Structures are given as structure tokens and as C-alpha cells.
Amino acid sequence: NVKIKRYNQAFKYFGKAYLINKKTVNKILMVYNLNNIASAYYDQKNYTKALLYSTRSEVLNQSMFDSNGLAYNYTQIGKIYADKKEYSKSIIYLKRALNNYDQGQTYNIGSTYIEIGITYQKMALLNPENKKQLLIEAAENLEKAIRLFTEIDVIDKLSISYFELYKVKKEQGKYEDALKYFEKHNIIKDSLF
């Protein structure tokens, strides 16, 4: 399988790069190496190893007092837990990410709001007793993402936000709102195409 061969090569080179940077104690590049390894494992759905390397990167970011780097790690860890269907843990890490990004990180903050919105929506589908409140949380976070991506004019992320909010509104039974957001998503999708 060509894809597996490419991943194996990627791990080999990421590993070599990490060892070189470790010898020179270049913590910033070590973080990049660890993040790349974690991302490659995440793409392969090997969540155990993705979590391991994200956590190692987190420890390095803490030692450098790099709050934006730490926030990036928390977002990645949050996404891993969401994919593992451990939604409560996911929310904890995604909210930690928001607390660590500085205000200039508008794109990353907006992306994290999208992840939180999606995670709350998935939680809602599994928790009928709290469904209403969880969908409200999902909608609020997606609306925050929409405000930020409108502000900085990032239309692909805006399109994703509209589509996710459409799904939430549909689940809430707010069909007029759902249609409005679906149409906004489609307008952007068509213009991008």
C-alpha cells in the first residue's frame, strides 16, 4: 500500500529531525517535530500514539511558557478525544485551548469554537436528557466562530461554521434558521468552486 509506505517514510524523517533538534536542544523545532508525528498518527486514526506525541509536545510547550503552542496542543488533544467519542474530555481540552490563545490568534480561536460546537452537537445526540442545553451550547460556539471568521474574512471556515450551525438548528427543530444557514453555506461553497 503506497499510503502506508508514505506514512512510514514520514515517521522515519520526522523521527530523524526530532533527534537532530534534541541534540541541539532546539525546543521550538522539537515541538514542531512532535506535532507532525502526532498529526500523522491522528490521520491514521492511531489515537493512542497521537495522544502520546501531543502530550510530549504539550510538556515542551509548558517548559517554554509558550501559551499559543500549548493552546494548539490542547486543541489537538481535544480533537483526539472527540474522535474517540470521549466528548467531556474533549470539551475540557478545547476550553483550555481558548484560555491559552492570545487575542491575536483569531483564526485558531475561531477554529476551536467550531470544534467545541461540533463536539457539543455530538454529545447532544447521545444525551437525550440534556439535548436541548447541549444544542444551545453548540449553537453559541458556532455563532462565535461565524463572528470571528466574518471579521477576518476567512470564507472556507465560515462555510464550515454555517454548515455545522445548519445541522444544529435542524436538530433543534428550527427549520427556517436551518435553511438560512444551509443556503449561506451553499453560496460560499459555490463561490469557492
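The values are calculated or read from the model by the stated rules, or taken from the named source; none is laboratory data. Worth saying up front: this structure is predicted, and the values here are computed from it rather than measured. Every residue, glycine as well, gets a Cβ built from its backbone with ideal geometry; the counts of neighbours run over all protein chains shown. When the accessible area is computed, the model is the full protein with side chains, heavy atoms only, and any ligands, DNA or RNA have been set aside. Shrake-Rupley method; radii C 1.70, N 1.55, O 1.52, S 1.80 Å.
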Residue by residue through the range 52-92, note down the ones that are acidic (Asp, Glu), more than 23 Å from LYS27 (Cβ to Cβ) and in a helix (DSSP H, G or I).
ASP83
Would you check if ALA139 is aliphatic (A, V, I, L, M), surrounded by 23 or more Cβ atoms within 10 Å (Cβ to Cβ) and in a helix (DSSP H, G or I)?
no
Restricting attention to the range 93-100, does a residue exist that is within 23 Å of VAL59 (Cβ to Cβ), among the small types (Gly, Ala, Ser) and either open to solvent by 50 Å² or more (accessible area, probe 1.4 Å) or at pLDDT 95 or above (or both)?
yes
